Structures are given as C-alpha cells and as structure tokens.
Amino acid sequence: MKPLKFHTRAARGTAPVDEKTGALSVPIYQTASFAIPPGEAGRARAAGETEGFFYTRFANPTTAAFERDVAALEGAEGALAFNSGMAAISTAVLAHVGAGDRLVTQRQLYGGTAIFFAEQLPRFGVDVSYLDDPAPRAVAEAVTPKTKLVYLETPSNPLLNVVDIEGTSRAAREAGVPVVFDNTFATPYLQRPLELGATYVVHSTTKYFAGHDVIGGVLAGPAAGLHEIRKTIYKDLGVAPAPSISYQFIRGLKTLPLRMDRHCANARALAEFLARHEKVKKVYYPGLPEHPGHELAKRQMSQFGGILAFELADGAAARRFLDGLELCVFAVSFGDALTLVQHPPGVTHEVYEAERLAGAGMGPGFIRISAGLEDAEDIIADLTRALQRA
Ligand SMILES: Cc1ncc(COP(=O)(O)O)c(C=O)c1O
C-alpha cells in the first residue's frame with residue numbers, strides 16, 4: 001500500500017479496529033493495577049525490563065494506544081503521555097538537567113514555561129541562559145560544556161515568533177546537546193520538528209489535540225530516551241494521565257487535521273481583516289508576508305496556524321474592545337471550537353512588571369485570538385462591532 005496521507009492516518013489512528021472485539025474505538029482500560037506473574041518475571045516487568053503493564057502510574061494500555069498514535073503522527077519512535085502540558089515540559093527538562101547544569105532557551109516562551117524556568121529551575125541549581133533571538137548561531141554560541149538541554153518553542157506564545165527548527169537543531173546536535181521543541185501551536189499536522197532534526201517534541205494536548213475540553217501533554221522522541229524517562233522521573237513525579245483522558249485524546253486526534261484546516265483558514269481571514277483596520281497598530285500572524293518569520297514559516301510549516309495577535313493603542317482600548325465582544329469568548333488557552341480572545345498583559349503575564357512586558361515585545365494593548373471553528377464572517381462581524389468601541 002502507498003504511504004497513507006495525514007488525514008487518513010489521523011482518522012484511523014494506529015489501531016482503527018480493536019483486535020480482540022472488533023470495536024471501532026480503543027477500549028478504556030479503567031484500572032489502577034494489573035495482575036503480574038509472581039517472582040522474577042513480575043520484578044522484571046515492574047522494573048520496566050520487560051513488556052507489559054503493572055500499574056497505571058507507569059503505563060496503561062489506553063494511554064499506550066494514544067502514545068502510539070502521537071508517535072506515528074510526529075514521525076517519532078515513541079511518545080510518553082502526561083496529565084498536562086506543563087507536566088510534560090517540566091518532566092522533559094528535569095530528566096536532562098541537574099545542579100550545576102545549564103539550559104539554553106529563548107526569551108519569548110509560553111508564560112507557564114517561562115515561570116517554571118525562572119522560578120523553579122534556579123531552586124535546583126540549574127542555570128538558565130535566555131536568547132532574545134534564538135537563531136542557529138546564537139544557539140551554537142550559548143551552548144557550553146555545562147549545557148545539557150536546548151529548549152525552544154515555535155511559533156511562540158503569544159508573540160508568534162518563528163524559530164528555525166532545522167538550523168537550531170543542527171547547532172545543538174553538533175554541540176552534542178538534545179533539543180526539545182514545543183510544537184503546541186503548530187501540531188504535527190502543520191509542522192514536524194523531529195523530521196527537521198529535533199530530538200524531542202512536546203505538546204500541551206489540552207489545545208488542538210482534544211479540541212479543548214481536557215488537560216494533557218505529550219513528549220515524543222527516541223524510544224531509548226523515553227524508556228529511561230518512564231522508568232525514572234516519570235514514575236517518581238506521578239505525571240501519567242487517567243486512561244479515560246487518553247481515550248479523549250485518541251478521539252480528538254481523528255479530527256485534528258480537519259479542525260486545523262478550519263482554524264488556519266479563519267485565522268488568516270481575521271489577520272487580513274485586522275491588518276486593514278484603522279484602529280489596529282500591528283498584526284502578528286506568520287501567514288502575513290510582512291511578518292518577520294513568514295519565509296521561515298513557509299519552509300517549515302504547511303499552514304500558518306490558528307492563532308494571531310494584534311496591538312491596540314493602549315490598555316484602555318483593549319478593555320473597551322473586550323467589553324464589546326458578543327460572540328468571541330474572553331478566556332485563556334486556545335484550540336477551542338469557540339474563538340477565544342485573550343489579553344496577555346492583563347491576564348497570564350500580569351506577574352511580569354511593565355518593563356519586562358515591553359522587553360517581551362508586548363504593549364498594554366496586545367490581544368491574542370485563537371480562531372475557532374465558526375464562520376469567519378460571523379467572527380469578523382463581532383470584531384468589527386468591538387473595534388468600534390475600542
Ligand atoms: C505553548 C504552550 N505550551 C505548553 C502549555 C502548557 O500546557 P498545559 O496548560 O496543558 O499544562 C501551554 C498552555 O497554554 C502553551 O500555550
């Protein structure tokens with residue numbers, strides 16, 4: 001058979017029909033524990049030396065099915081599922097760095113990751129080196145013998161900066177350091193960092209994988225590295241998802257590319273509309289030719305994603321705009337069927353003082369939109385109404 005295309009692979013998953021029963025859905029193995037053979041065989045299974053399940057905090061058949069689906073879509077040897085995106089990120093990072101080590105990352109990151117790096121890692125004696133522009137050369141220059149991991153995100157949340165995956169991965173690899181990419185904004189449908197040389201890919205599956213009604217995360221990459229992480233820090237931290245949640249992600253993946261096509265088309269329509277609006281100072285969307293990352297995004301992404309941002313005159317204008325929305329919902333997160341509007345300076349980034357906000361490239365009138373699945377005309381009508389008040 002010819003290699004299957006993405007929509008087909010997503011719709012089928014890796015187990016379209018249950019081998020034992022013929023069921024068209026993966027069974028939910030709702031159990032904490034599994035009967036194991038006594039003696040040496042049981043010990044070897046619990047130690048992760050042989051195949052098989054024994055306790056859901058380590059592994060579960062439903063979660064394993066989800067992990068196989070993700071690995072297949074990302075082009076990875078394996079995957080490890082988590083109970084949140086932050087669990088996946090913190091575990092991946094803590095698996096690689098310890099006291100005296102160094103992490104190289106970019107300045108503009110999802111706020112939760114940035115806070116983890118700034119507030120938790122120093123407590124464990126980890127030095128974090130931030131790059132304003134994580135270009136391949138900057139990564140190569142920042143890596144020292146103490147650097148144990150490079151951690152990058154593209155497109156970045158919420159400023160939509162685009163990082164060169166192939167170039168930075170090459171720079172890290174030449175220095176002998178693994179590199180993790182947060183691929184949450186793009187999903188494996190639009191961008192596959194492992195095919196461009198990254199070591200690991202991490203996702204908040206809370207977003208596009210599920211269509212946004214559950215919290216979860218996943219790490220995809222080399223089988224040996226993941227096996228080691230599962231046997232050690234994964235079980236120590238207790239970050240495995242519930243089997244019923246893994247089932248919801250398996251279900252979500254079946255429609256991922258279908259939803260992404262719509263999210264992307266709507267985001268582009270909104271970006272083009274906002275770019276023409278007199279009250280909008282600036283639009284951030286990698287699909288617009290004037291975006292500084294446009295050419296790079298064209299090379300490494302198949303479409304430009306479902307998220308965009310724009311800048312109004314000031315914080316007061318942003319609040320008037322938000323008050324004027326009737327259809328779009330003011331809420332954090334993204335990837336929902338509903339169009340979600342966020343005001344990072346007033347919500348997720350309020351922990352940052354104004355100076356750091358400006359340093360991060362965001363003015364007080366900065367607004368992020370996660371384009372939903374509605375008709376673009378309806379969303380544009382709502383934005384038009386709200387902008388009249390801004
Ligand atoms: C890019 C990115 N990575 C990771 C996370 C964290 O994921 P979770 O909220 O599932 O822990 C988020 C959450 O918004 C995010 O936007």
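Here, each number is a calculation from the coordinates, and none is a lab measurement. Not measured: the values here are computed from a predicted model. Glycine also receives a Cβ, built like all others from the backbone with ideal geometry; neighbour counts cover every protein chain displayed.
May I ask you to derive the FRET efficiency for A44 and H294 from their Cβ-Cβ distance with R0 = 56 Å, giving the value to the nearest 0.05?
0.60
Compute the long axis of helix 85-94 from its Cα atoms, compare it with the longest principal axis of the Cα atoms of the chain, and write down the angle in degrees, 0 to 90, nearest 10.
Rounded to the nearest ten degrees, it is 60.
I need the semi-axes of the equivalent ellipsoid of the chain: take the C-alpha gyration tensor, multiply each eigenvalue by 5, square-root it, list largest first in whole angstrom.
36, 26, 19
Straight distance only, please: which aspartates and glutamates reach the Cα of K148 with their own Cα at less than 12 Å, same-chain residues fewer than 8 apart left out?
Within reach: D101, D127.
If one takes the longest principal axis of the Cα atoms in the chain, at what angle in degrees, from 0 to 90 and to the nearest 10, does the Cα axis of helix 61-74 lie?
Its long axis makes an angle of about 50 degrees.
Using Cα positions and a limit of under 16 Å, work out the lysines in reach of K5, with same-chain residues fewer than 8 apart set aside.
Within the straight-line cut-off, K5 pairs with K254.
Return the loop-located GluC sites (Glu not before Pro) in the stretch 236-310 (DSSP other than H, G, I, E, B) with at most 13 other Cβ atoms within 10 Å of their own Cβ; answer none if there are none.
Within the stretch 236-310, the qualifying GluC sites (Glu not before Pro) (loop, at most 13 other Cβ atoms within 10 Å) are E278, E290.
Neighbouring Cβ atoms within 10 Å as the yardstick, rank K5, K207, K281, K148 fewest first.
Fewest-to-most Cβ neighbours within 10 Å comes out as K5, K281, K148, K207.
Please determine, in degrees from 0 to 90 and to the nearest 10, the orientation of helix 256-275 with respect to the longest principal axis defined by the Cα atoms of the chain, where the helix direction is its Cα long axis.
The angle comes out at about 20 degrees.
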